[in-house]
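Here's the structure we're looking at; comments come further down.
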Amino acid sequence: MAHLQRFHVGPRLSEMAIHNGTIYLAGQVPDDTSQDIRGQTAQVLAMVDRLLAEAGSDKSRILMTQIFLADITDIAAMNEVWDAWIPAGDTPPRATVQAAMANAAYKIEIVVTAAAA
């Protein structure tokens, strides 16, 4: 049976799980909801960086990303931050949709699946 690791386990969810060399992140949301979409996006991408580093991986190994925006008209501003963050040549498959957020102050939530190093 393959080994399964969970990280930052809470009563409702784990922030990350690793199974068979694949890293699964929970949806990452901003801590400081007073920021605009650029600021919230940067916060969430920094969280993704930290979790992937904890798993011994990095953003160049992302297999798939799902981005949820509270307002799809924020996509251009979000993409500015995303494009500056993601390594050229390592852009993963991605879906971006508008969705109702669990907290009305969240402008973005990002879910990442990545390969372990």
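Tabulated data
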item: Only listed residue being more than 20 Å from Ala95 (Cα to Cα) and either of a type in the set (S, T, N, Q) or in contact with a helix residue (DSSP H, G or I) (Cβ under 7 Å, 6 or more places away or on another chain) (or both), chosen from Thr33, Thr41; result: Thr33
item: Where Gln28 falls short, out of the listed (1) more than 13 Å from Ala114 (Cβ to Cβ); (2) open to solvent by less than 20 Å² (accessible area, probe 1.4 Å); (3) touching a helix residue (DSSP H, G or I) at 6+ places or on another chain (Cβ under 6 Å); result: (1)
item: Subset tally (residues that are farther than 18 Å from Gly27 by Cα and small (Gly, Ala, Ser)) for the range 63-80; result: 2
item: Selection count where residues are open to solvent by 50 Å² or more (accessible area, probe 1.4 Å), of a type in the set (S, T, N, Q) and under 13 Å from Ala114 (Cα atoms), scope the range 32-59; result: 0
item: Subset of the range 73-111 [surrounded by 13 or more Cβ atoms within 10 Å (Cβ to Cβ), touching a strand residue (DSSP E or B) at 6+ places or on another chain (Cβ under 7 Å) and either among the hydrophobic types (A, V, I, L, M, F, W, C) or without any contact (Cβ under 8 Å) to a residue 12 or more places away in the chain (or both)]; result: Ile75, Met78, Ala99, Met101, Ile108, Ile110, Val111
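The values are calculated or read from the model by the stated rules, or taken from the named source; none is laboratory data. Remember, it's a predicted structure, so these values are computed and weren't measured experimentally. In this analysis, Cβ positions are derived from the backbone assuming ideal geometry, glycine residues included, and neighbour counts consider all displayed protein chains. Only protein heavy atoms, including side chains, enter the accessible area calculation; ligands, DNA and RNA are left aside. Shrake-Rupley method; radii C 1.70, N 1.55, O 1.52, S 1.80 Å.
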